1. Is it fair to say residue 31 is in contact (Cβ under 8 Å) with a residue 40 or more places away in the chain, more than 21 Å from the chain's Cα centre (by Cα) and under 30 Å from residue 350 (Cβ atoms)?
2. May I ask you to list pairs of residues, at least six apart or on different chains, whose Cβ atoms are under 8 Å apart, with the first in region 264-277 being farther than 14 Å from residue 56 by Cα and open to solvent by 50 Å² or more (accessible area, probe 1.4 Å) and the second being assigned to a helix (DSSP H, G or I) and among the aromatic types (Phe, Trp, Tyr)?
3. Report yes if some residue within region 308-324 is farther than 26 Å from residue 202 by Cβ, over 18 Å from the mean Cα position of the chain (by Cα) and of a type in the set (A, V, I, L, M, F, W, C); otherwise report no.
4. Report, by residue number, each residue of region 287-319 that is in contact with a Ser or Thr (Cβ under 8 Å, 6 or more places away or on another chain), under 30 Å from residue 46 (Cβ atoms) and either open to solvent by 60 Å² or more (accessible area, probe 1.4 Å) or outside any helix (DSSP H, G or I) (or both).
5. Considering (1) within 16 Å of the ligand (Cβ to nearest atom); (2) without any contact (Cβ under 8 Å) to a residue 60 or more places away in the chain; (3) assigned by TED's automatic domain parsing to the domain that holds residue 268, say which one residue 89 fails and leave the rest.
6. Considering only residues that are closer than 19 Å to residue 144 by Cβ, assigned to a loop (DSSP other than H, G, I, E, B), of a type in the set (A, V, I, L, M) and open to solvent by less than 10 Å² (accessible area, probe 1.4 Å), which ones fall in region 320-364?
7. Just the residues that are of a type in the set (A, V, I, L, M, F, W, C) and under 26 Å from residue 115 (Cβ atoms), please, taken from region 191-214.
8. Suppose we keep only residues that are of a type in the set (Gly, Ala, Ser) and in contact with a helix residue (DSSP H, G or I) (Cβ under 9 Å, 6 or more places away or on another chain) within region 92-129. Which one would you say is nearest to the ligand (Cβ to nearest atom)?
Amino acid sequence: MLSNRIQKIQPSMTLAITAKAKALKQAGVDVISFGAGEPDFPTPRYIRDAAIEKVEEGHIGYTAASGILELKTAICKKLQADQGVGYQENQIVISTGAKQALFNTFQAILNPGDEVLIGVPYWVSYPELVKVADGVPVFVETKEENQYKLTVAELEAARTDKTKAIILNSPNNPTGVVYMEKELLAIGTWAVEHDIWIISDEIYEKLVYGDVEHISIASLSKEIHKKTIIINGFSKAYAMTGWRIGYSAAPVEITKGMTSLQSHVSSNPNTISQYAALAALEKESGEVEAMRVVFEKRKELMVKIVSTIPEIQFIDPQGAFYVMVDCSYYLKKFHFDSASELAQAMLEEASIAVIPGDAFGMNTYIRLSYATSEALIEEGLERIRAYLTR
Ligand SMILES: Cc1ncc(COP(=O)(O)O)c(C=O)c1O
């Protein structure tokens, strides 16, 4: 029989839908997928070349549990240059994706019953990772008029003496919204005042559009820095999802605990991928920006078309690669109880894959990813329009 801990968690709904869409495609069905949580670009050539070189040189053994020193040094430099926050190598753990960095974080800071405040909508894995650490996810409803960003008033209303941490994700998956400096400062000041950890998931940091800027909450004051654990990785910015490299930047004591855990769980993140990530940081010459520009064009195209579909509201994104679309009107029209029924029907009847907002705690929305070509964005959205307005 399964443990109580594992019985408490759900498999990733986003991965499940993506897998079903892939299986249909392989069976010859012409599925257009807006499900992707990953860039559709190949990993840039210079990164692939660096990895091949390292294999040929024989860098194929174990590394230190928390990763190679050169990569930690490069990450510290990056955090200083991009985020304006100072870290030492002994504050960095390199992990198997940002997912493992989050797993390590919750394992390191939570005791049974500790509460973690999570804004709704939230990325699908946060509550489950909190639960596997015997923590309690506490969902904080956000408001449309605040673009679904958390406010101090909402956090304060949810705070108890068991509140141990909050999760901030900017740019946000699924909404695409980006927190501004004054919003972050207010939240950071509140967290410091109440001795609450801030877990700042900055994985979409490089994907911001227009004149919007990504700001790391850790950069706003020394006190906030001390209470922040930054989570980041190479999956989204460098099109390296399958290489599985992420990292945490945290106070030394927490880092030691995470390192010790990781040394038993996975020994070290993939060695070759660590060298690839090192090259990604050290030899980058415009590739990340080139991908960002393409994403921005696609976002504009998607927003333009979505805004012409009748009876639909959406959250105007400023970052990441998703548009959250409110389908309340159509759920009523077709007598669906939730977006997951709509998503299921769209996949079966219109060969369109979308992620139902149920996965993010917003069950009248669907999430459309624009990590796909402009031609498929146009054709896929026309299919959605035809399906909804039939
Ligand atoms: C908000 C957010 N955080 C973390 C991750 C994990 O990324 P990875 O484990 O590939 O580094 C994802 C991936 O979808 C994400 O969307």
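The values are calculated or read from the model by the stated rules, or taken from the named source; none is laboratory data. Every value quoted in this text rests on a predicted model; they were computed, and no experiment measured them. Glycine also receives a Cβ, built like all others from the backbone with ideal geometry; neighbour counts cover every protein chain displayed. Calculation scope for accessible area: heavy atoms of the full protein, side chains included, ligands and nucleic acids excluded. Shrake-Rupley method; radii C 1.70, N 1.55, O 1.52, S 1.80 Å.
1. Working: in contact (Cβ under 8 Å) with a residue 40 or more places away in the chain: yes; more than 21 Å from the chain's Cα centre (by Cα): yes; under 30 Å from residue 350 (Cβ atoms): yes.
Spelling it out, residue 31 is indeed in contact (Cβ under 8 Å) with a residue 40 or more places away in the chain, more than 21 Å from the chain's Cα centre (by Cα) and under 30 Å from residue 350 (Cβ atoms).
2. That search, which allows pairs on different chains as well, returns 270/243.
3. First, the residues of region 308-324 that are farther than 26 Å from residue 202 by Cβ: 308-313.
Now drop any that are not over 18 Å from the mean Cα position of the chain (by Cα), which leaves 308-313.
From what's left, of a type in the set (A, V, I, L, M, F, W, C): 309, 312.
Within region 308-324, one or more residues are farther than 26 Å from residue 202 by Cβ, over 18 Å from the mean Cα position of the chain (by Cα) and of a type in the set (A, V, I, L, M, F, W, C).
4. Result: 317, 319.
5. (1)
6. Across region 320-364, the qualifying residue is only 320.
7. Restricting attention to region 191-214, the residues satisfying the condition of being of a type in the set (A, V, I, L, M, F, W, C) are 191-192, 196-199, 203, 207-208, 212.
The answer is 191, 192, 196, 197, 198, 199, 203.
8. Filtering region 92-129 for residues of a type in the set (Gly, Ala, Ser) gives 95, 97-98, 101, 108, 113, 119, 125.
Add one more test, that the residue is in contact with a helix residue (DSSP H, G or I) (Cβ under 9 Å, 6 or more places away or on another chain), and what stays is 95, 97, 101, 108, 119, 125.
Working: 95: 8, 97: 3, 101: 8, 108: 17, 119: 12, 125: 7 Å.
Filtering region 92-129 for residues that are of a type in the set (Gly, Ala, Ser) and in contact with a helix residue (DSSP H, G or I) (Cβ under 9 Å, 6 or more places away or on another chain), the one nearest to the ligand (Cβ to nearest atom) comes out as 97.
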